[in-house]
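The structure under discussion appears below in the form of structure tokens.
The values are calculated or read from the model by the stated rules, or taken from the named source; none is laboratory data. Note that the structure is predicted; figures quoted are calculated from it, not measured. Backbone-built Cβ (ideal geometry, glycine too); neighbour counts: all protein chains shown. Quick note on the areas: whole protein, heavy atoms, side chains included, nothing else; ligands and nucleic acids left out. Shrake-Rupley method; radii C 1.70, N 1.55, O 1.52, S 1.80 Å.
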Amino acid sequence: MNEFKKHSINFNIVQCNISHNRKKGTLRGMHYQVAPHEEAKIVSCIMGAIYDVIIDLRKDSPTYCRWVAVELTANCSPLTAHCKMLYIPAGFAHGFQNLEDNTTVFYQMSEFYHPECARGVRWDDSAFGIKWPLSVKSISEKDSSYKDFKK
């Protein structure tokens with residue numbers, strides 16, 4: 001948490017979740033929560049590998065509707081014994097795709113889950129143009145049913 005303080009990030013963990021997906025190509029997302037329960041997240045891959053994507057949905061941001069992706073793996077650096085994690089600020093949608101079979105993702109959230117504030121955008125919405133590395137082998141009905149995003 002000292003690293004966060006150095007960058008003026010206030011992140012208090014209130015909930016942790018684990019997501020395990022058996023099939024390479026499984027896609028989860030793109031999820032977020034709206035006010036008054038917007039959440040920041042820290043995501044790490046503790047088994048296997050994922051292609052992790054975030055989209056900036058903050059309307060006043062210079063990067064509004066842009067996305068960025070990072071590969072997270074359970075393979076840690078032998079020099080530092082630290083694994084790569086991704087910090088996701090409040091106001092960003094988040095999703096990932098399994099790059100390997102039997103992959104487990106660990107989430108730490110700054111806010112409890114509030115179903116009335118849960119939202120999502122389509123993983124393949126042309127408004128974002130996300131380039132996924134694999135064809136989608138599995139996606140939940142909920143994640144595939146989100147409507148087109150309107151800027």
Task: Among (1) farther than 16 Å from Glu111 by Cβ; (2) buried (at least 16 other Cβ atoms within 10 Å of the Cβ); (3) touching a Cys at 6+ places or on another chain (Cβ under 9 Å), the one test that Asn75 misses - done: (2)
Open item on the list: Please go through (1) closer than 21 Å to Ser8 by Cα; (2) open to solvent by 50 Å² or more (accessible area, probe 1.4 Å); (3) in contact (Cβ under 8 Å) with a residue 60 or more places away in the chain for Asp60 and return the number of the only condition it doesn't satisfy.
Closed with: (3)
Task: Residue list for the stretch 103-149, filter: open to solvent by 70 Å² or more (accessible area, probe 1.4 Å) and outside any loop (DSSP other than H, G, I, E, B) - done: Pro115, Glu116, Arg119, Glu141, Lys142
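Tell me which residues, restricted to the stretch 52-69, are in contact with a Leu (Cβ under 9 Å, 6 or more places away or on another chain) and farther than 17 Å from Tyr87 by Cβ.
First, the residues of the stretch 52-69 that are in contact with a Leu (Cβ under 9 Å, 6 or more places away or on another chain): 52, 54, 64-65.
Tyr64, Cys65, listed by residue number.
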Open item on the list: Please count how many residues of the stretch 19-41 are small (Gly, Ala, Ser) and either farther than 11 Å from Ile139 by Cα or open to solvent by 70 Å² or more (accessible area, probe 1.4 Å) (or both).
Closed with: 3
TODO: Report, ordered by the first and then the second residue, all pairs with beta carbons closer than 9 Å, sequence separation of six or more or different chains, a first member in the stretch 1-21 that is at negative phi and free of Cβ contacts under 8 Å to residues at least 60 places away in the same chain, and a second member that is assigned to a helix (DSSP H, G or I) and surrounded by 10 or more Cβ atoms within 10 Å (Cβ to Cβ).
DONE: Asn10/Phe4
